[in-house]
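Note sheet for the following structure.
The values are calculated or read from the model by the stated rules, or taken from the named source; none is laboratory data. These numbers were taken from a predicted model, which means no experiment stands behind them. Reconstructed Cβ throughout: ideal geometry from the backbone, glycine too, with neighbour counts over all protein chains shown. We work out accessible area using only protein heavy atoms, side chains counted, and drop any ligands, DNA or RNA first. Shrake-Rupley method; radii C 1.70, N 1.55, O 1.52, S 1.80 Å.
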Amino acid sequence: MTTLTMPETDTGTDRPALQTPFVSVALPIGVDQTFTYRLPDHLKGKVWPGQRVQVPFGRGNRWAVGWIVRGLETTDIKDLKAVAKTLDDEPLLTEDLLDLAFWMARYYVAPLGQVFEAILPAAVKRKAGFKTIQLVVRTEKPESEVDRILSKQRRVLDRLAQAEGTPLAPRELARHAGCTVAVIKSLEKKGLVCIETRQVSEFARDLFLELEEPKAIHLTTEQALALQRVKAKVAADEFGVIVLQGVTGSGKTEVYLRAIEDVVDRGRQAIVLVPEIALTPQTIRRFRERFTQVAVLHSDLTDVERHRQWRDIREGRADVVVGARSAVFAPVSRLGLIVIDEEHENSFKQDTSPRYHARDVAIMRANLVGVPVVLGSATPSLESYRNVRTLDHYQEACLTQRIGGRPMPPVTIIDMRQEVAERKGHHALSRALEKAIAEAWRKQDQTILFLNRRGFSTHLFCVKCGHVARCPDCDVGMTYHAKPGILQCHYCGRKAPPPETCPACGAETVNYWGTGTQRVEDEVQRKFPDIRLGRMDADSMRLRGEHARLLGAFRDGEIDILLGTQMVAKGLDFPNVTVVGVINADVALSLPDFRANERTFQLITQVAGRAGRGPKGGEVFVQTFQPDHLTIRLAAKHDYEGFVPDELGSRQRLGYPPFGRLARIVVRSQQRQKAHEAIQAVAGRLIEPARIAGITVLGPQPCPISRISRFWRYHLLLKAPSARALLHFFDGIRADLSPPGNIQMAIDVDPQSTL
């Protein structure tokens, strides 16, 4: 069901309109420069920085959409083209978002036009949910003119009068008046009505969400102290970062809610970022139980819904904005607080230009406005951990106990080497985990199983010759999906039927090796045919609304086992979950990345925290082929304070974050030699400036995954002693970074992956 409403307009902007003869315009074309245009007289005093305009670009009659950056009094460029028109009545970016865009373009070494494009949702640019229609409005004419009209025309005017000033579409008015549109056209010629062209919105209503009355919750002493620290910053209108380190189940969300209540009571707005779309239904439910005006921004919305939510935020109809990474750009005008839940998550990092990290962008935005930021996590990133101990504007608040004094769930480490030696055939589930699942089901309790590998088998392997089925376009093995029985590359999406014999030697000894979520699902259903299982991964969650549907069924007890990838590892709060199984804790440990240990520790800790959140308690089973690995053992003991010093020591010896900053430059080409020559040329231009700036160049060399989608990839790393050093380095060499020819190049500042 849709509602037809007239769009509301903002009162304008506090920034002065531009009166200059020329303007600088940023275009989202991947070119790291702006373009100068003449500002025609009829637009002077009617445009602002951050406003979208249509401009001629290139040869012929090509048009482009760009963003006004600033006004220019003079220019040396001759025969300038003029701005054609504005696309919006006013700037779509708040003043702090405009300043944020300039910072992002500089810090992340990204074209300003691409930054503007990232900040404004595509649905808003397309005006999704709006349509242009004609409406009939009665004019003010003397009664003597009205007396001389025909009866049909009289009925039209009477119907307009009955509408009490509400304009009607010509066809609708003609139908109500029992005439044709020609009669209305005749009235228009006489000047008794006018037909106006207007934009109207046709936005879908929110889906009905059944909410429960929030229960009275008494804060623990630790929660009260943490809340007091946040409220003090809010009351002082002061920028600062509070790292809320709380064990899973310690009530971090309640601290967020109470702090935001204080912000809203002061007439301000709050932004809450969560790392996974799977978390948003449960998070939205909790926030809508407390606040009447909650807007949501995430990728599961339709374009119309996203635009509607964006307008609600911009026009002040949202006290709280909840969303994933891009919600950091919500156009709030009265920002009072930003909360980032699970701040350590790498999903807050954007993997296309501009390659921003939402946590760091949020901190900069809060700094520009002068408001606090809360970073919440059971396992804060090592960057945040060290910032608390070295930077004055960082503070720490700790929640060391679970709500109600409940103990952390005991964790059993399962040595899968022994399982393989003692059991015949392939078993994704250890005997201990099988027994725990059966016991939980008998008691009508629930289980969560975590495996960060989708598909049935991670690769096809020939026992005779060792051939592995690999993607012909990428330097990776293809994953077998039993449903619908295909091999698929998880990098380029290529699909192929599985071979019946080995393509290399012709032997019929092709076996499926490795374990994915489909294989675990198959094994669970085979061993426990009466258990109801729901799978949550990228393959099963393709349809819109699937996350909310599956989590709702699990919450209501319609599903006994929830199996999934990272989507089930964090943030979910289901008191009836008494068993959690980590199918393979070694997946992340094997990656060639300096953050591998940290990621593994965080994942195990987070998924283990899903157990024992209710009065029944719970237990966790961690299956691993490396049971003696320090990271595994410390995660099993929930020992974050034990893990951090050892990991920090390793990072410090190597000069890796948080003891320095990294930037990664990647070039790619469909011709291997050209990609190799390009990275060598880039490295040659950087060596001397880097030496002067005290920055180490690592490489160049092929990327660990050297080929994706037929493109060969080479990279180098820049290791700087500080963010400031890296920033000034790029300021000095930015103009020399263009790759030769048609080579594609990407710059990733603060990379979260080096694959």
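Summed over the range 624-652, residues that are assigned to a helix (DSSP H, G or I) and not aliphatic (A, V, I, L, M) total 13. Within the range 352-378, the set of residues being touching a residue at least 12 places away in the same chain (Cβ under 8 Å), open to solvent by 40 Å² or more (accessible area, probe 1.4 Å) and assigned to a loop (DSSP other than H, G, I, E, B) comprises 353, 355.
Only one of the numbered conditions (1) surrounded by fewer than 17 Cβ atoms within 10 Å (Cβ to Cβ); (2) closer than 21 Å to residue 249 by Cα is not met by residue 340, and that is (1).
So which residues in the range 265-287 are at pLDDT 90 or above and either surrounded by fewer than 18 Cβ atoms within 10 Å (Cβ to Cβ) or assigned to a loop (DSSP other than H, G, I, E, B) (or both), if there are any at all? Within the range 265-287, 265, 266, 267, 268, 274 qualify. Scanning the range 574-593 for residues that are touching a helix residue (DSSP H, G or I) at 6+ places or on another chain (Cβ under 7 Å) and either hydrophobic (A, V, I, L, M, F, W, C) or part of a loop (DSSP other than H, G, I, E, B) (or both) turns up 574, 579, 580, 582, 583, 585, 588, 589.
On the stretch given as the range 87-127, residues that are within 27 Å of residue 718 (Cα to Cα) and of a type in the set (Lys, Arg) total 1. Within the range 690-727, being among the hydroxyl-bearing types (Ser, Thr, Tyr) and in contact with a Pro (Cβ under 6 Å, 6 or more places away or on another chain) holds for one residue alone: 714.
Of the candidates 739, 689, 704, the single residue that is surrounded by fewer than 20 Cβ atoms within 10 Å (Cβ to Cβ), in contact (Cβ under 8 Å) with a residue 60 or more places away in the chain and not in a strand (DSSP E or B) is 739. Just wondering, is there one or more residues in the range 327-337 that are touching a Pro at 6+ places or on another chain (Cβ under 9 Å), over 20 Å from residue 350 (Cα atoms) and open to solvent by less than 30 Å² (accessible area, probe 1.4 Å)? Yes, there is a match, as at least one residue in the range 327-337 is touching a Pro at 6+ places or on another chain (Cβ under 9 Å), over 20 Å from residue 350 (Cα atoms) and open to solvent by less than 30 Å² (accessible area, probe 1.4 Å). Within the range 711-725, the set of residues being under 30 Å from residue 474 (Cβ atoms) and not aliphatic (A, V, I, L, M) comprises 711, 712, 713, 714, 715, 719.
Only one entry in 645, 704 is out of contact with any strand residue (DSSP E or B) (no Cβ under 8 Å at 6 or more places or on another chain) and either closer than 26 Å to residue 494 by Cβ or among the β-branched types (Val, Ile, Thr) (or both), namely 704. Filtering 421, 482, 428 for residues that are open to solvent by 60 Å² or more (accessible area, probe 1.4 Å) and not acidic (Asp, Glu) leaves a single hit, 421. Which of (1) part of a loop (DSSP other than H, G, I, E, B); (2) farther than 17 Å from residue 592 by Cα is the odd one out, the single condition residue 755 does not satisfy? Going through the list (1) part of a loop (DSSP other than H, G, I, E, B); (2) farther than 17 Å from residue 592 by Cα, residue 755 breaks only (2). Can residue 543 be described as assigned to a loop (DSSP other than H, G, I, E, B) and at pLDDT below 90? When the stated conditions are applied, residue 543 passes them.
All told, residue 405 meets the bar of being free of Cβ contacts under 8 Å to residues at least 40 places away in the same chain and either of a type in the set (Gly, Ala, Ser) or crowded, with 23+ Cβ neighbours inside 10 Å (or both).
Sort through 86, 75, 94 and tell me the only one that's closer than 20 Å to residue 315 by Cα and of a type in the set (Ser, Thr, Tyr). It is 94. Here is the figure for the range 605-623: residues that are in a helix (DSSP H, G or I), open to solvent by less than 10 Å² (accessible area, probe 1.4 Å) and in contact with a helix residue (DSSP H, G or I) (Cβ under 8 Å, 6 or more places away or on another chain) total 2.
Applying a threshold of 8 Å to beta carbon distances and a minimum spacing of six or more residues, or different chains, the list of pairs starting in the range 379-393 at a residue that is under 20 Å from residue 650 (Cβ atoms) and open to solvent by 70 Å² or more (accessible area, probe 1.4 Å) and ending at one that is assigned to a helix (DSSP H, G or I) and modelled with pLDDT of 95 or more reads 386/648.
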